[in-house]
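Read the structure below first, then the notes.
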Amino acid sequence: MPHSTERKSADRTSVLAAGALSGKDAIACRGITKRFGTVVANDHIDLTVRYGEVLALLGENGSGKTTLMNMLSGIYHPDEGVILVDGQEAVINSPVDAMNMGIGMIYQHFRLVDVFSAMENIVLGTKEKRLRDKELKEKISEICQSFGLEIQPEKRVYEMSVSEKQTVEILKVLYRGTRILILDEPTAVLTPQETQKLFQILRKMKEQGCAIIIITHKLHEVLEISDRVTILRKGKSIDTVETAGTDEKILTELMVGKAVSLEIDRPPVNHKSPILKVVNLTVKKPDGTKAIDNISFEIRKGEILGVAGVAGSGQKELCEAIAGLMKIDKGAILYEQENIIGKTPAEIIRMGISMSFVPEDRLGMGLVASMDMVENMMLKSYGNGRGPFVDRKPARELANRLVEKLGIVTPGIDTPVRLLSGGNVQKVLLGREIESCPNLLITAYPVRGLDINSSYTIYDLLNEQKKKDVAVIFIGEDLDVLLELSDVIMVLCHGKITGFLDARKASKEQVGLYMTGAFSQEVAQ
Amino acid sequence: MNRNANIDSRKRTEPLLRVVKRAELTGRQIVLLRLLAVLLALAAGGLFILCLGYNPVAIYTRILSGATRSPMAIQATAKIVIPLLITSLGVTLAFKMRFWNIGAEGQIIMGAIFASYFALFHADWNHWVLLGAMALAGILGGALWGLVPAFFKARYGTNETLFTLMLNYIALYLISWLQDGPWRDPGSQGFGKIARFDKNASLNKVFGVHCGWIVALVLVAAVFIYLRYTKQGYEISVVGESQETARYAGMNVRKILLRTMALSGGICGLGGMIQAAGADITLTMGVAGGVGFTAIIVAWLSQLNPVIILAVSSLFGILEKGSSVVQSDFGLSTDCADVLQGIILFFILGCEFFIRYRFVGRGHGEKAK
Ligand SMILES: Nc1ncnc2c1ncn2[C@@H]1O[C@H](COP(=O)(O)OP(=O)(O)OP(=O)(O)O)[C@@H](O)[C@H]1O
Ligand SMILES: [Mg+2]
């Protein structure tokens, strides 16, 4: 089709020429409605994004943000309403259509071919003839330069970190001539430093006249990067405000519909005796390298031990080792003075140790995607009671209770959890773990992708557990929260413990330094 | 750059029809859609028959009446349905666990071989003791044949699809060896074949059909309850979804894998025993006769629901018996029946697509719901 290639090259130049358009409406949604069966995910939403600005899209979990963006990028089609692109009514049937209109979306789950190099991924699926490697590299480095991206074109995707993969995704859409970029929770899996890098790129794009929509639950990021904020609540567009004239409090109120306190309290720890003692633990990855390298620590009843560290410093392996899911190389794990190494996961669950790890794709381990909430509630307790039959009644009651207590947005407890929005899926998981009344609760990234209100609900829940004398290991990303919530912070770096800090006294900068391994305490055994 | 022209072309590039993912349908709508698919399939099949120069209505009514017109016909149909039904239930257990058991054929055969040992060499036992022993032996034979691939999968991660498939052939040649060697009927001159079972070793008839149909119906209820209401059934669904999650939940994945495959093979083996002792009254190389493969289609068509399996395997039975009648009455070859079966399958599988997606015509996007 000669037409389409012509169009694409026109777009490519327009990225650079877009500066002239600055201030004009890039996309305008008018009365967009989308229903899934009985759920109204989007209810007459109005939204406008202009060239040369960053629009943040804010809303609680399940308020319809992803659904709306999916309509802009051609994955869904609205039931009602019109989308205007450059002031003209547009019908976006597929991601290819969206691309031809200059709309590019970065999904939270990367869509890259692992065995291909960055360069191969970038050109994959474009219709033009494969350029020679040299020309291609030049072209890519040209785009990189104009937006301040850094990549190694030859590197294979499976060797890349999360943030590098994201850069490739961004390059992919830029290469296709994107003028309107949509990012769905891009920072949820990034470290603060990586987030800063991403924001640099976004600022450059904005200067060049691109329109950017970013979804994030982190309010300080909204305030930092955006020019305007559109707030969704329960599928409706509530308001659009200028970022300059707002603050976290106002935004939270708009989002939730009522005033919310953003304080985390920290009840004192009353116990002296440890419930769990880890001694000289070493765990190896399947490839033989050490994931956890000779670490020792202990945690008391009614204490929250915060674990800080750059992603991939051994957090996952630590969780799995304690839960009995991973082979232990050396060392001991003493729970109430009993070594639990060699026990089966089922035995460890019965001893009152609960582990929940929220992976980057959220559903991974811990929930069964195609099952409904009731059946997911039974996952660890289905064996309770005598006889060969499962008892669904307690699970059903528990599901109903959780929906109420945690405000889970779902068409019903019989809906498969894979249809719930990202944040709600997590509430289901964590709610179940807490309700199992553990003595030791290990939770990794429990607020990944949760909205601010739900995050605070989770912190409150953890504190509630603490008051019930439950020992909590909280593996987190947000240092502010770690410092406010934990009693002690343990910092991991490359599988080693670089330090223990008193969370009441430590500063963010201190923790940050330990995280990079820049200096480490002498860890006394 | 002419933006307006571009946008016009955008509108024009909307395809005539496009595929859109549907919101979840209600159970009722799904049933209606499936019924529609069956009707369409009959219409298309009718067209095919018309092309062959026959009257479709006459052929269809003859298929139906041929399979059900007399008690004898119904009995014959039932005889076809029984092994198919039992085997479909057997493979369903494995499929629910996402274990690709395409070795039902071999499991049927092994069940039949194990049972035949008692029928041939202990025919003098008390009738009920003998039948009990044969049934147990059948289950054991099938279970063993199901356990072998499960063991290797659990232990070494071998691919079960190839493994179960290969075991089919081993089982088949085992019969071939038995009938030419150790179990050869001395009464048959020169020609390798296993002797007919003693009357004492064959299944009793109830309403003119060997009592396997009662076993089959009991199994429908049992598998239904097992999968839906028991702890083990729950474990199977979790393992089927993700072994990681199952391990996390404290399940012993290996044990579940082995247990379920033993059950799956055991049911198929029981089917083999029933076929040998109820229908064939001997052991032949045709004891499974492709049922193990047809059962896979039946199980998936029924979406692994035992009650629907009962209905679907009955339909398959009617089609098969009916078309053999058509063959003798009209001289239409049985291959045509296979083509008809193919057409029906095509439409029903196509219908699954429409349950998940729908087409939207150009310019109807906004009205679509
Ligand atoms: N394919 C689908 N089928 C049924 N319901 C759906 C589907 N996709 C989304 N929903 C429902 O629509 C609502 C909005 O979901 P959406 O994913 O847009 O929320 P979100 O604002 O992105 O939330 P989060 O911040 O948690 O990611 C949710 O209640 C969800 O359950
Ligand atoms: Mg979302």
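Which chymotrypsin sites (Phe, Trp or Tyr not before Pro) does the range A:426-494 hold that lie in a coil by DSSP with at most 12 other beta carbons within 10 Å? Mind dumping the intermediate values first?
On the way: sites: A:Tyr456, A:Tyr459, A:Phe474; in loops: none.
Within the range A:426-494, no chymotrypsin sites (Phe, Trp or Tyr not before Pro) qualify (loop, at most 12 other Cβ atoms within 10 Å).
Once the cut-off is 34 Å, how many percent of the Cα-Cα pairs in the range A:9-256 end up in the long-distance tail? All intermediate terms of the calculation are to be shown ahead of the outcome.
On the way: 4033 of 30628 pairs.
The calculated P(r) of the range A:9-256 puts 13 percent of pairs beyond 34 Å.
With no solvent and one point on each alpha carbon, what is the Debye value of log10 I(q)/I(0) for the range B:14-159 at q = 0.09, 0.13, 0.17, 0.21 Å⁻¹?
-0.59, -0.97, -1.08, -1.22
Just grab the label-to-label distance for A:Ile238 and A:Val162, each label 7 Å out from Cα along the Cβ direction, in nm (one decimal).
About 2.7 nm separates the two model spin labels.
Extent of chain B along each principal axis, from alpha carbon coordinates, in Å, largest to smallest?
Cα spread of chain B along its principal axes, largest to smallest: 92, 61, 36 Å.
Within chain B, which whole H helices from DSSP have a Cα span along their axis of at least 27 Å and a mean Kyte-Doolittle hydropathy of 1.0 or more, if any?
B:27-51, B:71-96, B:127-156, B:253-274, B:306-330, B:334-356
Within 10 Å of each candidate Cβ there may be at most 12 other Cβ atoms; applying that plus a DSSP loop requirement, which GluC sites (Glu not before Pro) in the range A:106-215 survive?
A:Glu128, A:Glu150, A:Glu154
Taking each pair of distinct Cα atoms in the range B:114-226 once, what is the resulting Kirkwood hydrodynamic radius in Å?
The Cα-based Kirkwood calculation yields 16.6 Å.
Shielding by partners for B:240-248, please: the mean number of other protein chain Cβ atoms within 10 Å of each residue's Cβ.
Per residue, the number of nearby Cβ atoms from other chains is 6 on average.
Please list A:26-38, B:315-327, A:314-326, B:64-76 highest first by mean number of surrounding beta-carbon atoms within 10 Å per residue.
For the peptides A:26-38, B:315-327, A:314-326, B:64-76, the packing ranking is A:314-326, B:315-327, A:26-38, B:64-76.
Please identify, among B:Arg28, B:Arg196, B:Arg259, the residue showing maximal mean-square fluctuation in a Gaussian network model of chain B using a 10 angstrom Cα cutoff.
B:Arg28
Using the Cα centre as the reference, give the magnitude of the dipole from point charges on the C-beta atoms of the range B:182-234 (Lys, Arg: +1; Asp, Glu: -1; all else neutral), rounded to the nearest 20 debye.
In total the dipole reaches around 80 debye.
Among B:Asp198, B:Asp124, which comes first, then next, by fewest other beta-carbon atoms within 10 Å?
Least to most surrounded, the residues fall as B:Asp124, B:Asp198.
Which three semi-axes in whole Å describe the equivalent ellipsoid of the range B:36-109, each the square root of 5 times a Cα gyration tensor eigenvalue, listed largest first?
For the range B:36-109, the ellipsoid semi-axes come out as 32, 19, 10 Å.
With unit charges on the beta carbon (Lys/Arg positive, Asp/Glu negative), name the residue among B:Trp300, B:Ala150, B:Phe354 whose Cα is farthest towards the positive pole of the charge dipole of chain B.
B:Phe354
Label B:Phe346 and B:Thr158 with points 7 Å out from Cα along Cα→Cβ: what is the distance between them in nm?
About 3.8 nm separates the two model spin labels.
In this model, which of A:Lys65/A:Lys218; A:Lys468/A:Lys508; A:Lys277/A:Lys466; A:Lys301/A:Lys508 are farther than 20 Å apart at the alpha-carbon?
Over 20 Å apart, Cα to Cα: A:Lys468/A:Lys508; A:Lys301/A:Lys508.
Give me the three principal axis extents of the range B:196-329 from the C-alpha atoms, as integers in angstrom, largest value leading.
Answer, in whole Å and largest first: 59, 35, 27 Å.
About its Cα centre, what dipole magnitude does the protein assembly as shown give when the only charges are +1 on Lys and Arg Cβ and -1 on Asp and Glu Cβ, stated in debye to the nearest 20?
Values: 99 positive and 89 negative charges, 321 e Å.
The calculation lands at about 1540 debye.
Is there a simple number for the mean count of other chain Cβ atoms within 10 Å of the Cβ of residues in A:347-354, and what is it?
Taking all residues of A:347-354 together, the mean is 1.
Whole number please: convex hull volume per residue, Cα atoms of chain A, in Å³. Walk me through the numbers on the way to the answer.
On the way: hull volume 86.2 nm³, N = 525.
Dividing the Cα hull volume of chain A by its residues yields 164 Å³.
Just the projected area, averaged over all directions, of the convex hull on the alpha carbon atoms of the protein assembly as shown: how many nm²? Spell out each step's value before the answer.
On the way: hull surface 177.6 nm².
Reported value for the Cα convex hull: 44.4 nm².
Can you check what the Kirkwood hydrodynamic radius comes to for the range A:363-437, Cα pairs only, in Å to one decimal?
Values: mean 1/r = 0.0813 Å⁻¹.
The answer is 12.3 Å.
A:Lys496's amide H: which non-local residues (gap 5+, or another chain) put their own amide H closer than 5 Å, with H modeled 1.01 Å from N in plane and none for Pro or chain starts?
A:Asp293
Just how large is the dipole of chain A about the Cα centre, in debye to the nearest 20, putting +1 at every Lys and Arg Cβ and -1 at every Asp and Glu Cβ?
Once rounded to the nearest 20, the dipole reads 840 debye.
DSSP loop (so not H, G, I, E, B), at most 15 other Cβ within 10 Å: list which GluC sites (Glu not before Pro) in the range A:222-286 pass both filters.
Counting only loop positions with at most 15 other Cβ atoms within 10 Å, the GluC sites (Glu not before Pro) in the range A:222-286 are A:Glu263.
If we count other beta carbons within 10 Å of each Cβ, what is the order of A:Arg418, A:Arg132, fewest first?
Exposure proxy ranking, most exposed first: A:Arg132, A:Arg418.
I need A:Thr457, B:Thr164 ordered by Cβ neighbour count within 10 Å, fewest first.
Ordered from fewest to most neighbouring Cβ atoms within 10 Å, A:Thr457, B:Thr164 come out as A:Thr457, B:Thr164.
Looking at the protein assembly as shown, what % of its DSSP beta bridges pair antiparallel, to the nearest 5?
Looking only at bridges with both residues in the protein assembly as shown, the antiparallel portion is about 60 percent.
Hey, got the average number of other protein chain Cβ atoms within 10 angstrom for residues in A:90-98?
Values: counts 3, 11, 3, 9, 3, 0, 1, 3, 0.
Partner Cβ neighbours, averaged per residue: 4.
Highest mean first, what order results for A:230-237, A:97-104, A:345-352 on Cβ atoms within 10 Å? Intermediate values should be presented prior to the final figure.
On the way: A:230-237: 21.0, A:97-104: 24.0, A:345-352: 17.2.
Descending packing order for the listed peptides: A:97-104, A:230-237, A:345-352.
Report, by chain and number, residues whose modeled amide H sits under 5 Å from the one on B:Tyr357, excluding near sequence neighbours (fewer than 5 apart, same chain).
Placed amide hydrogens put B:Arg22 under 5 Å from B:Tyr357.
Dividing the convex hull volume of the alpha carbon atoms of the range A:184-229 by its residue count, what do you get in Å³ per residue?
About 69 Å³ per residue, rounded to a whole number.
Putting +1 on Lys and Arg Cβ atoms and -1 on Asp and Glu Cβ atoms, find which of A:Asn339, A:Leu190, A:Met99 reaches farthest to the positive end of the dipole of chain A.
A:Asn339
Label points 7 Å out from Cα along the Cβ direction at A:Lys204 and A:Glu397: separation in nm?
5.9 nm
Semi-axes of the range A:169-270's equivalent ellipsoid from the Cα gyration tensor, sqrt of 5 times each eigenvalue, largest first, rounded to whole Å? Walk me through the numbers on the way to the answer.
Working: eigenvalues 165, 70, 29 Å².
Equivalent ellipsoid semi-axes, largest first: 29, 19, 12 Å.
Restricting to chain A, what percent of DSSP beta bridges are antiparallel, rounded to 5? Spell out each step's value before the answer.
Working: 44 of 81 bridges.
DSSP beta bridges in chain A are roughly 55 percent antiparallel.
Projected onto the charge dipole of chain B (+1 at Lys/Arg Cβ, -1 at Asp/Glu Cβ, origin at the Cα centre), which of B:Thr334, B:Gly90, B:Phe191 gives the Cα projection farthest towards the positive end?
Highest projection toward the positive end goes to B:Gly90.
All of the numbers you see were taken from the coordinates with simple rules; none came from a lab. Owing to the predicted nature of the structure, the values given are computational and were not obtained by experimental measurement. Positions of Cβ are backbone-derived with ideal geometry, glycine not excepted, and every protein chain shown enters the neighbour counts.
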